[in-house]
Amino acid sequence: RSEPERAMKLLLLSEMFPSIGSPTVGTFVAGQAVQLARRLDVTVVVPVVQPLSPRRWHARPRLSGLSAPPDVDIPPERVLYPRYPGLPWRLDTFNAYLAYHAVRRTIRRHGLKPDIIHCHPGYPTGYTGYLVARWLRVPLVMTLHGFDMNVFGGADIKPYSNDPSFASMFYSPTTQARLQRALLHSARVVTVSQELADKAEALGMSRQRLSVIRNGIDASQFYPRDKRLMRHQLGLPEDASLILFVGSLSYRKDPLGLLKAVRLLHHQGWKVFCVFLGQGELRQALSSAVAEAGLEHYVRIPGSIRYAEIPIWMAACDALVLPTFYESFGMVLMEALACGRPVVTTRTGAIPELLRDGEHGALIPPGDPDSLAQAIRRVLEKAWDQDALVRYARSFTWERIATELERLYSDVLAERLQRLAAKACDSGPARG
């Protein structure tokens with residue numbers, strides 16, 4: 001009898017991954033990891049920066065909750081969170097190497113011997129992964145998510161440049177060169193959109209080694225539920241048109257633009273109720289703007305919520321609204337569709353690749369509260385085919401994405417074996 005086939009050993013390296021302390025960070029990577037762990041021998045390594053700054057040289061911030069949250073269905077001992085010091089400002093070019101040494105120590109301590117490494121995102125973790133893969137002499141797969149290519153790679157900084165919280169020092173010729181080096185030394189580069197694949201190709205990546213594999217949804221959590229029951233459970237009005245924002249309360253997601261649209265709708269006689277789910281630097285400004293507009297009875301900004309609660313809020317709303325200035329994929333949009341709710345969002349980034357105006361909701365230009373208000377009104381007035389929205393969203397499941405990735409890994413390892421075999425033949429003893 002032949003011996004059973006050994007499970008492929010995958011090292012998933014990502015700075016974006018949930019923890020008990022930050023349960024909503026990198027949930028899209030976690031969804032992918034959970035499905036892969038049901039098929040492969042997966043270990044997740046999450047490099048965690050412990051920032052050092054002139055204000056904090058003598059008082060390092062405490063990092064708590066560095067373990068996998070219970071809703072991530074991977075054994076906690078297979079999710080590792082090595083820390084490394086994050087040097088400030090002009091010294092931050094050393095951080096990728098500090099992360100590399102922290103990951104290297106973790107690999108040695110736990111005796112990890114991966115067959116393949118998969119990194120998220122392309123920078124800085126992708127460059128760290130390139131260093132690790134070169135050390136271990138194993139193939140590297142990298143996924144580009146948007147900010148890595150657009151900012152660190154210098155492909156499209158414009159959507160971020162007007163953000164008051166955006167640090168222009170994120171980009172430099174060094175970050176671009178490192179990202180490019182990691183790309184060119186990757187066995188495969190995965191992008192979550194065709195737009196990002198085109199940008200990677202422009203940076204020198206061959207089309208043959210590029211694969212567009214989009215993010216997925218967890219259909220076991222995001223599905224239609226009774227709207228009235230969910231509103232009763234959340235203490236929301238049952239007789240109002242309710243729109244939902246899910247995302248970071250940051251300039252790029254434009255929550256203040258949505259509030260302006262809500263105010264316009266109220267001036268037009270539409271008593272729309274709006275909920276903002278998220279945290280971010282604009283939270284206080286948003287609260288102040290709500291009070292200034294006199295909309296306290298029509299706007300709710302809940303505190304921090306668990307990721308598992310988001311589907312309940314989605315099921316309670318009439319439409320999800322995301323007036324973002326840039327979105328590389330927009331997983332929250334697909335999750336809303338999976339709950340049977342139409343979306344109002346912007347025609348930017350990869351969104352036009354995924355959604356059709358009038359079929360999945362409404363697409364508008366970013367930064368235009370008037371157009372946003374009109375689009376919200378159109379979506380709320382239309383009777384939507386809930387089953388059609390759900391069917392479309394369920395074509396993007398983590399099970400399907402994991403199948404595509406498993407096939408990609410197998411192709412990469414098969415190509416590596418072929419190269420090693422060819423090299424062994426070329427270096428064999430010459431015949432006399």
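No lab work stands behind these numbers, since they all come straight from the coordinates. Source: prediction; values computed, not measured. Counting neighbours? That spans all protein chains shown, and the Cβs are built from the backbone with ideal geometry, glycine included.
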In debye to the nearest 20, the charge dipole size for the range 343-432, taken about the Cα centre with +1 at each Lys and Arg Cβ and -1 at each Asp and Glu Cβ, equals 380 debye
Once Lys and Arg are counted +1 and Asp and Glu -1 for all other residues with Cβ under 9 Å from that of Ala350, the total becomes -2
With the convex hull built on the alpha-carbon atoms of the range 259-350, volume per residue in Å³ sits at 115 Å³
In whole angstrom, largest first, the equivalent ellipsoid semi-axes that the Cα gyration tensor gives for the range 201-260 are 38, 20, 8
Restricted to pairs 8 or more residues apart or on different chains, the lysines in the chain with C-alpha atoms under 27 Å apart form a number of pairs equal to 16
The equivalent-ellipsoid semi-axes of the chain, taken as the square roots of five times the Cα gyration tensor eigenvalues and listed largest first in whole Å, are 40, 24, 21
Toy charge model, Lys and Arg Cβ at +1, Asp and Glu Cβ at -1: the chain dipole around Cα centroid in debye, rounded to 20, equals 1620 debye
Computed over the range 285-432, the Cα gyration tensor eigenvalues, each multiplied by 5 and square-rooted, give semi-axes in Å (largest first) of 47, 18, 16
Sequence order, the range 342-348: Karplus ³J(HN,Hα) from phi using 6.51 cos²θ - 1.76 cosθ + 1.60, θ = phi - 60°, Hz rounded, Gly and Pro as x, gives x, 10, 10, 8, 9, 8, 8
So the pair-distance distribution of the range 351-411, from every Cα-Cα distance in 5 Å bins, comes to percents of 3, 14, 18, 17, 15, 12, 8, 7, 4, 2
In vacuo Debye sum over C-alpha of the range 127-218, base-10 log of normalised intensity I(q)/I(0) at q = 0.17, 0.18 Å⁻¹, listed in q order, is -0.74, -0.81
Rounded to a whole number, the Stokes-Einstein D of the range 255-302 in µm²/s (Kirkwood radius over Cα pairs; 4 °C; 1.567 mPa s) is 120 µm²/s
For the range 331-432 the trypsin sites (Lys or Arg not before Pro) that pass both the DSSP coil test and the at-most-14 other-Cβ-within-10 Å test are Arg347, Arg356, Lys382, Arg431
Low-density loop GluC sites (Glu not before Pro), the range 249-349, at most 10 other Cβ within 10 Å, DSSP non-H/G/I/E/B, are Glu296
If amide H atoms are modeled at 1.01 Å from N in the peptide plane, then the residues at a separation of 5 or more from Val212, or on another chain, having amide H under 5 Å from its own are Thr191
In order over the range 10-17: 3J(HN,Hα) from phi, Karplus 6.51/-1.76/1.60, θ = phi - 60°, whole Hz, x for each Gly or Pro, gives 10, 9, 9, 10, 8, 7, 9, 7
